[in-house]
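**Student:** Below: one structure in structure tokens.
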Amino acid sequence: MTKEQYRAILLKYIPESAFDQVYALMIRHGLHIVVSRHRKSKHGDFRPGVKGKPSVITINYNLNPFAFLITLLHEAAHQLVWEKYKRSASPHGSEWKKVFHQLLQPFVAQNVFPAPIAAQLEQDHQSIKYSTSADVVLARQLKEYDNPKQGMVLLETLPENAHFMLPDGMQFIKLQRRRKNFLCLKVVNQRQYIFNPLAEVIALEQPKDNK
Ligand SMILES: [Zn+2]
């Protein structure tokens, strides 16, 4: 598959701003990702390859983009730890915590996650929880993005400099009015875009300055 084919599929599940890094990770480590039906008991899993078959990561199809990405990195961390330690490292032990934390940080640094989620993921790796449901604070914050329609507001109702997000997870800052429309700054590439004042967006808390 070409990079563009990967992009077309992955953007159904992960924030657009995460794509390049996820793709690089998949290629570098030969991640084999299967999107799965909904499973109540888990968001995803990792099955180590045996007898010459590749390892497989499965992820539930109906997670919101941030939960999907966190699950993908959680399972990728299992694969990386498996390749290095096989059975000598325990599934959510210190080796895994370290790798999971390392995989998350570039996405946090790139502002892929809204600020409240990023704040949870930035904790030092010793206190990072092994799953989003074990981490109550994170689980609650992630849930807010499950039904973005509910949290939608019209762009024109937000104050200047407000942070907001589109349903695909892409984040912007509202700038000044330009004739009938609004100029908005896309956080990942710092470029300006023109928005209709009636665009439905998700208002975000102001992220703290982590530059
Ligand atoms: Zn796990």
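**Student:** Quick one: in the stretch 1-39, of everything that is polar (S, T, N, Q) and in contact (Cβ under 8 Å) with a residue 24 or more places away in the chain, which residue is surrounded by the most Cβ atoms within 10 Å (Cβ to Cβ)?
**Tutor:** Ser17
**Student:** Suppose we keep only residues that are surrounded by 14 or more Cβ atoms within 10 Å (Cβ to Cβ) and assigned to a loop (DSSP other than H, G, I, E, B) within the stretch 43-57. Which one would you say is nearest to the ligand (Cβ to nearest atom)?
**Tutor:** His43
**Student:** Looking at the stretch 16-42 only, could you name the residues that are part of a loop (DSSP other than H, G, I, E, B) and under 23 Å from Trp82 (Cα atoms)?
**Tutor:** Those that are part of a loop (DSSP other than H, G, I, E, B) and under 23 Å from Trp82 (Cα atoms): Gly30, Leu31, His32, Ser41, Lys42.
**Student:** Being closer than 19 Å to Lys42 by Cβ and β-branched (Val, Ile, Thr) narrows it down to one of Ile117, Ile128, so name that one.
**Tutor:** Only one candidate passes the filter, namely Ile128.
**Student:** Can His78 be described as open to solvent by 10 Å² or more (accessible area, probe 1.4 Å), within 16 Å of the ligand (Cβ to nearest atom) and in a helix (DSSP H, G or I)?
**Tutor:** When the stated conditions are applied, His78 passes them.
**Student:** Anything in the stretch 1-52 that is charged (D, E, K, R) and in contact with a strand residue (DSSP E or B) (Cβ under 9 Å, 6 or more places away or on another chain)? List them, or say none.
**Tutor:** Lys12, Arg37, Arg39, Lys42, Asp45, Arg47
The values are calculated or read from the model by the stated rules, or taken from the named source; none is laboratory data. All figures in this text were calculated on a predicted structure; none of them were measured in a lab. Cβ coordinates were reconstructed from backbone atoms using ideal geometry, including for glycine residues, and neighbour counts include every protein chain displayed. What goes into the accessible areas is simple: the full protein's heavy atoms, side chains included, and nothing from ligands, DNA or RNA. Shrake-Rupley method; radii C 1.70, N 1.55, O 1.52, S 1.80 Å.
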